[in-house]
1. Among (1) surrounded by 13 or more Cβ atoms within 10 Å (Cβ to Cβ); (2) over 19 Å from residue 125 (Cα atoms), which single condition is residue 58 missing?
2. Does the stretch 67-77 contain any residue that is part of a strand (DSSP E or B) and closer than 30 Å to residue 164 by Cβ?
3. If you check residue 85 against the conditions, is it within 13 Å of residue 150 (Cβ to Cβ), of a type outside the set (Asp, Glu) and open to solvent by 100 Å² or more (accessible area, probe 1.4 Å)?
4. In this structure, is residue 135 small (Gly, Ala, Ser), over 27 Å from residue 41 (Cα atoms) and surrounded by 12 or more Cβ atoms within 10 Å (Cβ to Cβ)?
5. Look through the stretch 80-119, keep the residues that are β-branched (Val, Ile, Thr) and touching a Ser or Thr at 6+ places or on another chain (Cβ under 7 Å), and return whichever of them is farthest from residue 136 (Cα to Cα).
6. When you check residue 148 against the structure, is it touching a Pro at 6+ places or on another chain (Cβ under 7 Å) and not polar (S, T, N, Q), yes or no?
7. For the stretch 88-128, how many residues meet the condition of being in contact (Cβ under 8 Å) with a residue 60 or more places away in the chain and either open to solvent by 30 Å² or more (accessible area, probe 1.4 Å) or not in a loop (DSSP other than H, G, I, E, B) (or both)?
8. In the stretch 9-19, is there at least one residue being touching an Asp or Glu at 6+ places or on another chain (Cβ under 7 Å) and surrounded by fewer than 12 Cβ atoms within 10 Å (Cβ to Cβ)?
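The values are calculated or read from the model by the stated rules, or taken from the named source; none is laboratory data. No experiment lies behind these values; they were computed from the predicted model shown. When we count neighbours, we look across all protein chains shown, and the Cβ atoms used for this are built from the backbone with ideal geometry, even at glycine. For the accessible areas, the whole protein counts, side chains as well, though only heavy atoms, and no ligand, DNA or RNA atoms are used. Shrake-Rupley method; radii C 1.70, N 1.55, O 1.52, S 1.80 Å.
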Amino acid sequence: MSKTYETVIGLEVHVELATDTKIFCGCSTESADEPNVHVCPVCMGLPGSLPRLNHTVVEKGMLAGLALNCSVQPKSLFFRKSYFYPDLPKGYQISQFEKPVVIGGTLDCLGEPKGRDPYTKTIRLTRAHLEEDAGKSVHDQFPGQTGIDLNRAGTPLLEIVTEP
């Protein structure tokens with residue numbers, strides 16, 4: 001039997017950064033019971049609204065990168081990634097990809113299988129980049145319909161990408 005394909009798996013892990021406000025506006029990141037209470041023209045994607053970068057998000061992204069043995073980049077850029085999700089009001093996500101805040105790095109994990117000595121597994125990282133979260137679709141509040149809650153839209157995330 002010939003092998004035509006080889007399975008290669010890497011992970012993308014989204015980590016919510018613990019900040020008081022969203023990545024591109026001053027809205028609270030605190031969770032809310034009511035939909036759409038922590039929103040403004042920026043996180044709702046209204047025309048004419050202008051994002052303003054939350055510097056605390058960048059600092060926390062760099063600190064996380066240093067904790068993961070990454071190299072902090074002297075220059076990082078944000079790009080628009082187009083998605084057509086109902087809970088992404090702008091039709092795009094502001095994210096870093098080609099020029100992330102940190103690159104490389106490793107994460108050491110301790111393991112202790114039954115009947116064996118503990119060991120360390122090193123996971124190699126490609127990069128970690130900053131991006132905004134989308135909102136969420138709500139299916140249980142409107143019988144037969146789907147609502148959109150934008151409270152999470154703009155919540156700062158650090159996407160950590162592993163090597164295969």
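1. Of (1) surrounded by 13 or more Cβ atoms within 10 Å (Cβ to Cβ); (2) over 19 Å from residue 125 (Cα atoms), only one is false for residue 58: (2).
2. Checking the stretch 67-77: at least one residue is part of a strand (DSSP E or B) and closer than 30 Å to residue 164 by Cβ.
3. yes
4. Working: small (Gly, Ala, Ser): yes; over 27 Å from residue 41 (Cα atoms): no; surrounded by 12 or more Cβ atoms within 10 Å (Cβ to Cβ): yes.
When the stated conditions are applied, residue 135 does not pass them.
5. Among them, the one singled out is 106.
6. Spelling it out, residue 148 is indeed touching a Pro at 6+ places or on another chain (Cβ under 7 Å) and not polar (S, T, N, Q).
7. Going through the stretch 88-128, the residues in contact (Cβ under 8 Å) with a residue 60 or more places away in the chain turn out to be 88-89, 94-95, 126, 128.
Then drop every residue that is not either open to solvent by 30 Å² or more (accessible area, probe 1.4 Å) or not in a loop (DSSP other than H, G, I, E, B) (or both), which leaves 89, 94-95, 126, 128.
Count: 5.
8. yes
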